[in-house]
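Engineer: This is the structure, below, for whatever I ask next.
The values are calculated or read from the model by the stated rules, or taken from the named source; none is laboratory data. These numbers come from a predicted model, not from an experiment. Counting neighbours? That spans all protein chains shown, and the Cβs are built from the backbone with ideal geometry, glycine included. Please note that ligands, DNA and RNA were not included when accessible areas were found on the heavy atoms of the full protein model with its side chains. Shrake-Rupley method; radii C 1.70, N 1.55, O 1.52, S 1.80 Å.
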Amino acid sequence: MKFNEFVYKRVELEEMKEKIRQITEAVKTASDAEAQIAEIYRMNDLMKEHATADALVYIRYTINTKDDFYVKEREYNDHISPLIAEEVQKYNEALLNSPFRSALEAKFGKVMFLNLELGMKGFSPEVTELMQEESALQTQYQSLLASAQIEYQGGTYNLSQMGPFTQNKDREVRKSAQEAMGRFFDAHQEELDEIFDKLVKNRTEQARRLGMKNFVELGYVRRQRNCYTPEAVSNFRKQVVEDLVPIVCEIKKNQAERIGVDELKVYDDSFQFPDGNATPQGTYEEIMEAGRRMYTEMSPETADFIKMMFDRDLFDVVAKPGKATGGYCCDIPGYECPFIFSNFNGTSGDVDVLTHEAGHAFASYMADKHVDLLDLRLPSMEAAETHSMSMEFFATPWYKLFFKEQTKKYELSHLEGTLNFIPYGCLVDHFQEIVYEHPEMTPKERNEAWLKLDKMYRPYLDMADMPFYGRGAGWQRQSHIYATPFYYIDYCLAQTVALQFWLEMEKDWKQAWEKYKAFVKRGGTDTFLGLVAGAGLKSPVEDGCIREIAGHASEWIKEHEL
Ligand code: ZN
């Protein structure tokens, strides 16, 4: 069945709650582990229904944020999700109190109970209303960004469509494009500050009601961080500042020389080569076709996977007005498939869709086949981002299909970009930690904190005199800060593991691939660090891990400098 034939069926709140109550009762009165296992599967089917409805609404809403039907259904889902969570909470509690826990752990693994415990800590009916308000604020932010109509050089563009101008060969074009976007954010300064301020207050209050010190603690619980602490992350960030930032400064110095500027300004940051960045060669259809060929050749599993993606039309990647910004991969469990969303704009980012997002999709496809419980299919997000970021590297032998004569340029920029990204990701994480440790900060103080941290993580970057960026508000473009708090360090931890897969590939691609396949097959049946150790790789939060990897990568970059 093709995506446009997938049927959206609204989840009726009372009916759903009643079914959950029945299952919860059955769990409580079960006389043996077998009976409880049967109920776990019944609950699984029910949650699949809910997740499917949620996914279809989300996907169709983001494809067209002006579609009245799905706008309403999204509001409806935002409203009912916490109410369903209240019922699920009671079910979780019943499972946690199971006298057959060891038999259940033997069947499903320990991580299920670890996550149930976090789920219990992170939710109570006392925060339902706040969670509803939180969702509404997130939607408000997303709609505001999707509504952007940037007047530029006689045309009108959304934020994604502005991408190519920000990488233009002409420095004046890059500058004026960033200024035009900056003016959009400046024009909505009050609204953006207000939404965020409400989010911080809301989240802090949720933490308080759940008996926690602040939202940092709750954020970790909500992100299912079941194997490392904020202290471990803080230590990771410290190592990034000490061992990676100096390397990135070196890369940036080279970049400035390469593109012929004295000082790297914010509008030069993503412009890597004097004759322009590597761009995909060919039309949209040709790029998609190259993706199909790559996965067909890569392995028998990826060949089956990509055939399914095309046969069922599981892509929406062309930028159009009204479409939400960004890109994502979303599972539709009821139809046993993922869906890939993006906004192609002619930059190398388009290829990321076929490597990064398709990496998520491939992992989900593999987990579907090997893990039967929905809750154990998707790991926590650092592990999921490891799937996708590693796939970006596994695609290396096929880059030429996308980039033709610009392949070497792309390969270099991809690895440089990988290293450059980690300090930025730490900056976003560190900023959020400060914001939620000090919820009383004013919008101005938040911007000042951002500027100060930016100097520490990106000392090479000059933002002075630019609208929006200059006043320290650049973080407001980073949707994760609004929508998914503390979801950013995940990328940094994941990148650190993906780089280890890359190092293995450099020695033996095929062997690395077998390891990777085993890693994705396990889905979410273990913690992130458990999965990493299982693949024979180093924990990214271990002392010295960043230093070692960054050292190898910087050697490679020196050898491949163009
Ligand atoms: Zn991703």
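Engineer: What share of all Cα pairs of region 62-141, in percent, falls into each consecutive 10 Å distance bin?
Structural biologist: Pair shares across the bins are 16, 35, 24, 19, 5, 0.
Engineer: Which residues does a label at A464 reach in region 237-262, if reach means a backbone N under 17 Å from a point 7 Å past the Cα toward the Cβ?
Structural biologist: It comes to 262, nothing else.
Engineer: First measure r as the distance between the Cβ atoms of K455 and E548, then evaluate 1/(1 + (r/R0)^6) with R0 = 25 Å and state the FRET efficiency to the nearest 0.05.
Structural biologist: 0.40
Engineer: Relative to the longest principal Cα axis of the chain, at what angle does helix 230-239 sit, 0 to 90 degrees, rounded to 10?
Structural biologist: 20
Engineer: Could you tell me which residue out of S234, M298, L244 lies farthest along the dipole of region 199-319 toward its positive end? Charges go on the beta carbon: Lys and Arg +1, Asp and Glu -1, centred on the Cα centre.
Structural biologist: S234
Engineer: Can you pull the one-decimal nm distance between simple spin-label points at R171 and E86, each 7 Å off the Cα toward Cβ?
Structural biologist: It works out to 6.0 nm between the two label points.
Engineer: Still on this model: What do you get for the angle between helix 245-259 and the principal long axis of the chain? Use alpha-carbon atoms, 0 to 90 degrees, nearest ten.
Structural biologist: Roughly 40 degrees between the two axes.
Engineer: Looking only at Cα atoms, what is the convex hull volume of region 1-80 per residue, in Å³? Spell out each step's value before the answer.
Structural biologist: Values: hull volume 7.5 nm³, N = 80.
Measuring per residue, one finds 94 Å³ for the Cα hull of region 1-80.
Engineer: A further question on this structure: Taking only protein heavy atoms into account and a 1.4 Å probe, give the accessible area per residue of the chain in Å².
Structural biologist: 41
Engineer: Okay, next question. Tell me what the chain gives for mean residue ellipticity at 222 nm when only DSSP H runs of n ≥ 4 count, each as -39,500 (n - 2.57), the sum divided by the residue total, rounded to 500 deg cm²/dmol.
Structural biologist: Calculated at 222 nm, the ellipticity per residue is -20500 deg cm²/dmol.
Engineer: Note the full-extension length gain between C249 and K2 as 0.36 nm times their separation in residues minus their Cα-Cα distance, in nm to one decimal.
Structural biologist: 84.2 nm
Engineer: Let me spell out the model: positive unit charges on the Cβ of Lys and Arg, negative unit charges on the Cβ of Asp and Glu, origin at the Cα centre of region 368-483. What dipole size does that give, in debye rounded to 20?
Structural biologist: Details: 13 positive and 18 negative charges, 103 e Å.
Its charge dipole is roughly 500 debye.
Engineer: Oh, and also: Measure nothing but the geometry: give the 0 to 90° angle between the long axis through the Cα atoms of 111-121 and the longest principal axis through the Cα atoms of the chain, rounded to 10°.
Structural biologist: Value to nearest ten degrees: 90.
Engineer: Also, I was wondering about something else. PRE reach from K320 (point 7 Å along Cα→Cβ): which of region 1-33 fall under 16 Å by backbone N?
Structural biologist: 3-5
Engineer: Can you tell me how much longer the chain between K444 and E263 gets when fully stretched, taken as 0.36 nm per residue apart minus their C-alpha distance, in nm with one decimal?
Structural biologist: Working: separation 181, 0.36 × 181 = 65.16 nm, distance 2.68 nm.
Length gained between K444 and E263: 62.5 nm.
Engineer: How do W513, W398 rank by accessible surface area computed with a 1.4 Å probe, from largest to smallest?
Structural biologist: Details: W513 5, W398 30 Å².
I get W398, W513, largest accessible area first.
Engineer: Also: How high is the FRET efficiency between W509 and N235 when r is their beta carbon distance and R₀ equals 45 Å, given to the nearest 0.05? Present the calculation step by step, with values, prior to reporting the outcome.
Structural biologist: Details: r = 33 Å, r/R0 = 0.72.
E between W509 and N235, to the nearest 0.05, is 0.85.
Engineer: While we're here: Counting only DSSP beta bridges with both residues in the chain, what percent are antiparallel, rounded to the nearest 5?
Structural biologist: Around 65 percent antiparallel, to the nearest 5.
Engineer: Run the numbers on the chain and let me know its relative contact order in percent, using alpha-carbon pairs under 8 Å that are six or more apart.
Structural biologist: On the way: 726 pairs, mean separation 104.3, N = 562.
Once normalised by length, the contact order is 19 percent.
Engineer: Using the Kirkwood radius over Cα pairs, work out the Stokes-Einstein diffusion coefficient for the chain at 37 °C and 0.692 mPa s, in µm²/s as a whole number.
Structural biologist: Working: Rh = 24.6 Å.
In µm²/s, the coefficient rounds to 133.
Engineer: Holding the Cα-Cα limit at 21 Å, pick out from K409/K452; K253/K455; K238/K538; K48/K90; K198/K444 the pairs that are longer than that.
Structural biologist: As for pairs spanning more than 21 Å Cα to Cα, those are K409/K452.
Engineer: Once both labels are modelled 7 Å past Cα along the beta-carbon direction, what's the I63-A518 spacing in nm?
Structural biologist: Here the answer is 3.9 nm between the modelled labels.
Engineer: L378: accessible area at probe 1.4 Å, nearest 10 Å²?
Structural biologist: 90
Engineer: Turning to a different aspect of this structure: Put a dot 7 Å past each Cα toward the Cβ at K408 and K307; how far apart are the dots in nm?
Structural biologist: 3.8
Engineer: Could I ask something else about it? Whenever you get a sec, compute what percent of the accessible area on region 167-247 sits on carbon and sulfur atoms (1.4 Å probe). Intermediate values should be presented prior to the final figure.
Structural biologist: Details: 1600 of 3550 Å².
Summing carbon and sulfur atoms, their accessible area is 45 percent of the total for region 167-247.
Engineer: Only Lys, Arg, Asp and Glu count, each charged at its Cβ (+1, +1, -1, -1), so figure out the dipole size of region 155-223 about its Cα centre, rounded to 20 debye.
Structural biologist: For region 155-223, the charge dipole is close to 480 debye.
Engineer: Multiply the residue separation of N44 and E117 by 0.36 nm, subtract the distance between their alpha-carbon atoms, and state the gained length in nm to one decimal. Kindly include the intermediate steps, with their values, before the conclusion.
Structural biologist: Working: separation 73, 0.36 × 73 = 26.28 nm, distance 1.79 nm.
Stretched out fully, the N44 to E117 stretch lengthens by 24.5 nm.
Engineer: From the residues S102, M162, Q132, which one has its Cα farthest along the dipole of region 61-183 in the positive direction, the dipole being from +1 and -1 charges on Cβ of Lys/Arg and Asp/Glu about the Cα centre?
Structural biologist: With unit charges placed on the Cβ atoms, the residue in question is M162.
Engineer: How large is the dipole of the chain about the Cα centre if only Lys and Arg carry +1 and Asp and Glu carry -1, each at its Cβ, rounded to the nearest 20 debye?
Structural biologist: 360
Engineer: Lys/Arg Cβ at +1, Asp/Glu Cβ at -1, dipole of the chain taken about the Cα centre: which of Q432, G544, Y70 is farthest positive-ward?
Structural biologist: G544
Engineer: Please enumerate, by chain and number, the lysines with C-alpha under 20 Å from the C-alpha of K404, excluding those fewer than 8 residues away in the same chain.
Structural biologist: Answer for K404, where 20 Å is the Cα cut-off: K169, listed by chain and number.
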